[in-house]
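Below is one structure, written out as structure tokens; the observations come after it.
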Amino acid sequence: MKTWHYAFIVFLGGCCYGILSTFVKLAYSAGYSATEVSGGQYLFGTLLAWALFLFTKKQKISVKQTYKLLLSGIPFGLTGVFYYQALQTLNASLAIIFLFQFVWIGTLFERVFHKKKPTKGKLASIAILLIGSVLAAGLVSKGGIHLSWQGAVWGLLAAFTFTTFIFLSSMVGKDTPPVLKSALLSTGGLIVVFVLFPPVFLFDLPVLAGVAPYGLLLGFFGVVLPPLLFSIGMPHIGPGLGTILTASELPVAVSMSSLVLAETVSAPQWIGVVLILGGIAAGNATRPTGKIKSESLQKSSAL
């Protein structure tokens, strides 16, 4: 498989996250709480991941590797928890801006942990992405912005844990089959969510039955596919480029809001979508593709 194939796989993983906000809004409008929605998402997503594993070729991994992957799922679960907390005090457009800071945090991680200095092209790409995110989120076209420091902290924590998850996806369990790796990461995320949000809704059958359709959709696009796609693509492209590619989340979120929820999307927002896609393309072109795979495979092979 060529390097751009792996980059496209990671791009699709980011697109999956962009689908979630639409279904979350639909679930909220149906009367379900954040606890029920997030719990249903990780519960059904983890069950789907293990069901998919049953139909794959089995390969044994060590107990140590299993624990590493379960622990690597912690930031996966925390991202959803922190982001839902941010949405309690911030409007959706502002909350996603804070979450979107992962595009530069990933490059910072590469600089700190891999001693890798970002190129001018990558920095330019990040600047384009951040400008595009402000436009795509609709902040320019809205009259006022309500900012709470609590929401800002939760949003930045979500960005940090999301970057950590992407970073670990590229480093841990490289030799583990992607489907098994996805299932273990999902299980780690599920444990964290259930610890922080006790799943009392499991004992209320009407609520469980009602939230199940949303949980299945959110679980498939938010719990099953992203870890699976990242497990396949991230080890070959690295976390720096990976965070740029996952910026595809916001254009998809804006498009879904327009198509499914019939929300009005202004011209500046569409310009922001175009800028984000341009920033992703620029980021993907900042490095010679032949070097991406060889560099990433040399990093932390002990993991």
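The values are calculated or read from the model by the stated rules, or taken from the named source; none is laboratory data. Everything numeric here is computed off the predicted structure, so don't read it as measured data. Heads up, the Cβs are rebuilt from the backbone with ideal geometry, glycines too, and the neighbour counts pull from every protein chain shown.
May I ask you to list the residues in segment 101-121 that are part of a loop (DSSP other than H, G, I, E, B) and in contact with a Gly (Cβ under 9 Å, 6 or more places away or on another chain)?
Selection gives Gln101, His114, Lys116, Pro118.
Taking segment 203-217 as the region of interest, how many residues are without any contact (Cβ under 8 Å) to a residue 24 or more places away in the chain, in a helix (DSSP H, G or I) and farther than 21 Å from Ala49 by Cα?
Residues in segment 203-217 being without any contact (Cβ under 8 Å) to a residue 24 or more places away in the chain, in a helix (DSSP H, G or I) and farther than 21 Å from Ala49 by Cα: 3 in total.
Based on what the data block shows, is Phe82 under 20 Å from the mean Cα position of the chain (by Cα), within 23 Å of Gly219 (Cβ to Cβ), of a type outside the set (A, V, I, L, M) and buried (at least 20 other Cβ atoms within 10 Å of the Cβ)?
For Phe82, the condition - under 20 Å from the mean Cα position of the chain (by Cα), within 23 Å of Gly219 (Cβ to Cβ), of a type outside the set (A, V, I, L, M) and buried (at least 20 other Cβ atoms within 10 Å of the Cβ) - is met.
I need a count of the residues in segment 204-242 that are within 15 Å of Ser186 (Cβ to Cβ) and of a type in the set (Gly, Ala, Ser).
Result for segment 204-242: 4.
For segment 203-246, name all the residues that are among the aliphatic types (A, V, I, L, M) and under 13 Å from Tyr32 (Cα atoms).
Val207, Leu208, Ala209, Val211, Ala212
Mind checking whether some residue in segment 163-175 is in contact (Cβ under 8 Å) with a residue 40 or more places away in the chain, aromatic (Phe, Trp, Tyr), farther than 16 Å from Cys16 by Cβ and in contact with an Asp or Glu (Cβ under 6 Å, 6 or more places away or on another chain)?
No, every residue in segment 163-175 fails to be in contact (Cβ under 8 Å) with a residue 40 or more places away in the chain, aromatic (Phe, Trp, Tyr), farther than 16 Å from Cys16 by Cβ and in contact with an Asp or Glu (Cβ under 6 Å, 6 or more places away or on another chain).
May I ask you to say which residue of Gly155, Gly173 is over 23 Å from Leu87 (Cβ atoms), at pLDDT below 95 and either buried (at least 20 other Cβ atoms within 10 Å of the Cβ) or among the acidic types (Asp, Glu) (or both)?
Matching residue, one of Gly155, Gly173: Gly173.
Suppose we filter segment 148-189 for residues that are of a type in the set (Ser, Thr, Tyr) and on the phi > 0 side of the Ramachandran plot; how many remain?
Looking only at that region, the number is 0.
Please find, within segment 176-213, the residue that is surrounded by the fewest Cβ atoms within 10 Å (Cβ to Cβ) out of those that are in contact with a Phe, Trp or Tyr (Cβ under 6 Å, 6 or more places away or on another chain) and within 21 Å of Glu249 (Cβ to Cβ).
The qualifying residue surrounded by the fewest Cβ atoms within 10 Å (Cβ to Cβ) is Val193.
Does Phe98 qualify as being over 26 Å from Ala183 (Cβ atoms) and either of a type in the set (A, V, I, L, M, F, W, C) or touching a strand residue (DSSP E or B) at 6+ places or on another chain (Cβ under 8 Å) (or both)?
Yes; evaluated as a whole, the condition is true for this residue.
In segment 23-59, which residues are surrounded by fewer than 24 Cβ atoms within 10 Å (Cβ to Cβ), among the hydroxyl-bearing types (Ser, Thr, Tyr) and within 20 Å of the chain's Cα centre (by Cα)?
Hit for segment 23-59 is Thr35, nothing else.
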